Amino acid sequence: MVDARRILVVEDEEDISRYLAAALEDGGYEVEAAFDAVSGLKAIEAQRPDLVCLDIVMPGPTGLSLYREIRENAELAGMPIVVVSGLNPADAESSLGFGETLPAPEAFIEKPVDIQELINAVRRLLAARGK
Amino acid sequence: MIAPTYENWLETELFENAPLNISVIDRDYNIVKANLNFVTLFGEARGRKCFEVHMRRDQVCESCSVARTFADGKVRVNEEIGVDVSGRTAHYLVHVAPIRSKDGRIDYVIEMSTDITETKRLKLEYQTLFEQVPCYVTVLNRDLRVIRANRRFRKKFGEVSGTHCYEAFKHQIRACRTCPAQETFEDGQIHTSEQVGVAKDGETTHYVVTTAPASRGDAGFSHVIEMAVDVTALRRAERERIDAERLAAVGRTVAGLAHGIKNILTGLEGGMYFLESGLQGGKKERLDEGWGMLTRNMEKISVLVRNLLSFSKGRVPRVELNRPEELVAEMIALYRDAAEAEGITVVAEVADRPAPAPYDAESIHTCLANLVSNAVDACRMGGRTPCRVFVRARDENGALVFEVEDEGCGMDQEVRKLAFTNFFSTKGSGGTGLGLLLTRKISQEHGGRVEFDSTPGRGSVFRLIFPRDRLPRPDQDAGEEGA
């Protein structure tokens, strides 16, 4: 598996992080984890993952600030992001500005996670990028 | 020349020099004599008809007081309108009295008038003000009875003249406990208070009433004037705003709760995923991992439910006399070791031991534990090592003060604003967002309050302040347990 596609999971809740990582690994992906937005950004810059699974509500700088950071960085802007959040997608649109002040994420998976839906979204996005 | 005595003056000069317009009129309405004031005002009058001179009319007035006095011999006082020599119309107060001959016959009457135009104008202005002013105006006597009420009052509360103000305003049989009119009668000062009354149609009416003494110069005062401004619409708008805020708070509460539960559900789902995949693949480490996740998330949901119950219902407090320094020691024992492992030092600072105080130890323990837990988390999030948390208790300005200070991440203005909002948490999935809210609720139940200062990057200090005179009294049976 020298060419496994790499996914970064940014999620402060360890149990959820382990769950997502295990499910994605079972789906054939290589997974790294970061537990806050700051270390998430460091990991993205250092490792350039193929896709990021991102929680929004986190202590300290939120997932939203990391999302904005990625989208506003020319080198990272094209990186597909799957938001995995306990927020309601409609609420997220209005309160976080997705689709208005910020480009919408490529996929939004609401918690509790339908793991097959997550895997399908990841497959679709990576396939679209030719990976 | 000898100065005349006042008797001489009355006999010879009163008629001419009295500060009144005086004329003598015969039965044919002819003016037979007029004094200087009269002539100055109305021109030469002798031999002319009174209605012609006073009113510029060519026939007798419809309601002629001169004619009536000739008829019945009575003295009359009337208000009349006259037109003077310059054409100016004015109001006059007119006295008409018969002049009897020795045998009792009335051949003449005397008419005396005073210009009251200015008085009349002031009275009209006062009347207009009283009736038209956009508030309820009443005049009360010392029995608190309504002597006068303006039109707006009568329209709202009915015709109430003579009834007690508390009956008129509130349909009560006794005076109000707080009565600004009574206070004004007692001290002669202006008083204001907000009251709730009942209009004649039964509608509840909120009004702000101001009472003032109706002064009559040095003679003191025997009446109070009461002006009430209707604030019902304002109170209704306030109530609607509060209801809307409550509804919004309920919305936020539900959204926050849903978010927290979704995270826990995801954790439980994760546990099941590990169990299933462990069972299918025969991987014991996955089974162990899954079991651990289920256990942890079950505990989380238990904590959430407990916090919710504490917040919504609370428990029956058990108020006993406690030693505050013991609570500080409990906090140190509870948090020191776990915090130390992360490079965080929890320090007790009780320089002057505060006096024992009555409170529910378990509730205050919850408050202080919330603050210390937050402080430790703030240190963790601040990333500074070593990082210290100070737990203090002291007496200050008649209040028992518990203080928790940390050298952690601190709060920016946005977080400070939301600190006491339910389900707001900076701890992501790690917090329920109920801690500070519960802390404030318990503090208020003990007559106290929560204050805090915070600087981003430097730390925060939270204080529980309990004024000793507001702390609850110890329960009667509080000391009997275990006896």
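The values are calculated or read from the model by the stated rules, or taken from the named source; none is laboratory data. Please read all numbers here as calculations on a predicted model, not as lab measurements. We place every Cβ from the backbone using ideal geometry, glycine too, and count neighbours over all the protein chains shown.
Of all residues in the range B:367-396, those satisfying the criterion of being away from chain A (no Cβ under 13 Å), among the hydrophobic types (A, V, I, L, M, F, W, C) and surrounded by fewer than 20 Cβ atoms within 10 Å (Cβ to Cβ) are B:ALA369, B:PHE390. Return a yes/no flag: does the range A:66-75 have any residue that is over 16 Å from B:LYS262 (Cα atoms), in contact with a Lys or Arg (Cβ under 7 Å, 6 or more places away or on another chain), more than 13 Å from every other protein chain (Cβ to nearest Cβ) and part of a loop (DSSP other than H, G, I, E, B). Within the range A:66-75, none of the residues are over 16 Å from B:LYS262 (Cα atoms), in contact with a Lys or Arg (Cβ under 7 Å, 6 or more places away or on another chain), more than 13 Å from every other protein chain (Cβ to nearest Cβ) and part of a loop (DSSP other than H, G, I, E, B). Looking only at residues of the range B:269-301 that are surrounded by fewer than 20 Cβ atoms within 10 Å (Cβ to Cβ) and within 9 Å of chain A (Cβ to nearest Cβ), we find that the one that is farthest from A:ALA23 (Cα to Cα) is B:ARG296.
Exactly one residue among B:ARG323, B:ARG306 is over 27 Å from A:PRO89 (Cα atoms), in the same structural domain as B:PHE466 (by TED's automatic domain parsing), out of contact with any Ser or Thr (no Cβ under 7 Å at 6 or more places or on another chain) and surrounded by fewer than 17 Cβ atoms within 10 Å (Cβ to Cβ), and that residue is B:ARG323. Checked against the criterion of being within 30 Å of B:ILE225 (Cβ to Cβ) and in contact with a Lys or Arg (Cβ under 6 Å, 6 or more places away or on another chain), the range B:82-103 has at least one qualifying residue.
I'm trying to understand the selection: among the residues of the range A:76-101, which are more than 16 Å from A:ILE16 (Cβ to Cβ) and either part of a helix (DSSP H, G or I) or within 14 Å of another protein chain (Cβ to nearest Cβ) (or both)? Once the filter is applied, which keeps residues that are more than 16 Å from A:ILE16 (Cβ to Cβ) and either part of a helix (DSSP H, G or I) or within 14 Å of another protein chain (Cβ to nearest Cβ) (or both), the range A:76-101 yields A:ASN88, A:PRO89, A:ALA90, A:ASP91, A:ALA92, A:GLU93, A:SER94, A:SER95, A:LEU96.
Apart from one condition, B:MET227 fits all of (1) touching a Cys at 6+ places or on another chain (Cβ under 8 Å); (2) under 16 Å from B:ARG142 (Cα atoms); the exception is (2). Taking the criterion of being touching a strand residue (DSSP E or B) at 6+ places or on another chain (Cβ under 8 Å) and closer than 15 Å to B:VAL109 by Cα, the residues of the range B:49-73 that qualify are B:LYS49, B:CYS50, B:SER65, B:VAL66, B:ARG68, B:THR69, B:PHE70, B:GLY73. Pairs meeting the criteria (first residue in the range B:221-245 and free of Cβ contacts under 8 Å to residues at least 40 places away in the same chain, second residue hydroxyl-bearing (Ser, Thr, Tyr) and assigned to a helix (DSSP H, G or I), beta carbons under 9 Å, at least 6 apart or on different chains) are B:PHE221/B:THR184.
A:VAL9 falls short on exactly one of the conditions (1) closer than 26 Å to B:LEU294 by Cβ; (2) facing another protein chain (nearest Cβ under 10 Å), and that condition is (2). For the range A:43-55, the criterion of being crowded, with 16+ Cβ neighbours inside 10 Å, within 12 Å of chain B (Cβ to nearest Cβ) and not in a loop (DSSP other than H, G, I, E, B) is met by no residue. For the structure I just gave you, tell me whether A:SER17 is farther than 22 Å from B:HIS259 by Cβ and within 13 Å of another protein chain (Cβ to nearest Cβ). Here the answer is no, as A:SER17 does not meet what is asked. Restricting the first member to the range A:102-131 and to residues that are more than 14 Å from chain B (Cβ to nearest Cβ) and surrounded by fewer than 19 Cβ atoms within 10 Å (Cβ to Cβ), and the second to residues that are aromatic (Phe, Trp, Tyr) and outside any loop (DSSP other than H, G, I, E, B), the beta-carbon pairs closer than 9 Å and six or more apart or on different chains are A:LEU102/A:TYR67; A:ALA104/A:PHE98.
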